[in-house]
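Engineer: Take a look at the following structure, please.
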Amino acid sequence: MVWSLPASRAESVARLQPEALCREVEAASRGAFGRLSLSTPPKQYPLRQLRAQRLVQPRVALVGDAAHVIHPLAGQGLNLGLQDAQALAEVLAGREPGRDPGELRLLRRYERARAEPILAMNAVVDGLFRLFGSEGGRWSRLRNAGLNLTDRLPVLKNLLIRQAMG
């Protein structure tokens, strides 16, 4: 389980004893998961959004978490990495006969193909993080209205699910 919190709140939660931490998660989830217990010691680390400046160099192509790290909020890191692998495989499979698969100009095709999807996913996940991190006020009402509307419109809900599945 990943529980993303503002740094100041994360520090105080990280200092809780195991039993108190379980009760804190139960309270935050409004009991949605029932009574909790720890099976492993909790870990804490700051979440960062990282992206390599370049995905390729001669004979090297970065994919997945080696190329970009996004917030785990939407669970899209794996999907993005699988899409990277697919795009790289397509570039390599489509190369001209006899062309060196490690040639920088060829690998740049992969890098260009992935630039927009990676940037878009980073923006979406960052936006979701900010939207769900806001409490009270206009953004909170807008978020809740959007979630309720999505829940009532199966077509929209299915579209979002298909997009999330890659």
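The values are calculated or read from the model by the stated rules, or taken from the named source; none is laboratory data. Fair warning: this is a prediction, and the values are worked out from it, not measured in the lab. Note that each Cβ is placed from the backbone with ideal geometry, even for glycine, and that neighbours are counted across all protein chains shown. Keep in mind that these areas ignore ligands, DNA and RNA; they rest on the heavy atoms of the full protein, side chains included. Shrake-Rupley method; radii C 1.70, N 1.55, O 1.52, S 1.80 Å.
Engineer: Checking residue 40 against (1) open to solvent by less than 70 Å² (accessible area, probe 1.4 Å); (2) among the hydroxyl-bearing types (Ser, Thr, Tyr); (3) over 28 Å from residue 146 (Cβ atoms), which test does it fail?
Structural biologist: It is condition (1) that residue 40 fails.
Engineer: Among the residues of the stretch 17-37, which ones are part of a loop (DSSP other than H, G, I, E, B), on the phi < 0 side of the Ramachandran plot and open to solvent by 60 Å² or more (accessible area, probe 1.4 Å)?
Structural biologist: Those that are part of a loop (DSSP other than H, G, I, E, B), on the phi < 0 side of the Ramachandran plot and open to solvent by 60 Å² or more (accessible area, probe 1.4 Å): 17, 32, 33, 35, 37.
Engineer: So, of the residues in the stretch 64-74 that are among the aliphatic types (A, V, I, L, M) and either at pLDDT 80 or above or open to solvent by less than 20 Å² (accessible area, probe 1.4 Å) (or both), which turns out to be farthest from residue 111 (Cα to Cα)?
Structural biologist: Within the stretch 64-74, the match that is farthest from residue 111 (Cα to Cα) is 70.
Engineer: May I pose another question? Pairs under 7 Å by beta carbon, first residue over 13 Å from residue 90 (Cα atoms) in the stretch 108-121, partner open to solvent by less than 40 Å² (accessible area, probe 1.4 Å) and among the aromatic types (Phe, Trp, Tyr), six or more apart or different chains?
Structural biologist: none
Engineer: Of 91, 60, 13, 69, which residue is at negative phi and touching a Lys or Arg at 6+ places or on another chain (Cβ under 6 Å)?
Structural biologist: On inspection, the qualifying residue turns out to be 91.
Engineer: So residue 156 ticks every box in (1) of a type in the set (A, V, I, L, M, F, W, C); (2) modelled with pLDDT of 90 or more; (3) in contact with a Ser or Thr (Cβ under 6 Å, 6 or more places away or on another chain) but one. Which box is left unticked?
Structural biologist: Only one criterion is unmet by residue 156, namely (2).
Engineer: Another question about this same structure. Would you pick out the residues in the stretch 75-99 that are under 16 Å from residue 110 (Cα atoms) and either touching a His at 6+ places or on another chain (Cβ under 8 Å) or touching a residue at least 24 places away in the same chain (Cβ under 8 Å) (or both)?
Structural biologist: Answer for the stretch 75-99, where residues must be under 16 Å from residue 110 (Cα atoms) and either touching a His at 6+ places or on another chain (Cβ under 8 Å) or touching a residue at least 24 places away in the same chain (Cβ under 8 Å) (or both): 80, 82, 83, 84, 87, 88.
Engineer: Pick out, from the stretch 75-164, the helices (runs of 4 or more DSSP H) lying fully within it that include 3 or more residues that are farther than 30 Å from residue 5 by Cα and open to solvent by 80 Å² or more (accessible area, probe 1.4 Å).
Structural biologist: Once the helices (runs of 4 or more DSSP H) in the stretch 75-164 are filtered for at least 3 residues that are farther than 30 Å from residue 5 by Cα and open to solvent by 80 Å² or more (accessible area, probe 1.4 Å), what remains is 77-93, 104-133.
Engineer: Among the listed residues 5, 80, 16, 47, which satisfies the condition of being in contact with a helix residue (DSSP H, G or I) (Cβ under 8 Å, 6 or more places away or on another chain) and farther than 22 Å from residue 131 by Cα?
Structural biologist: 16
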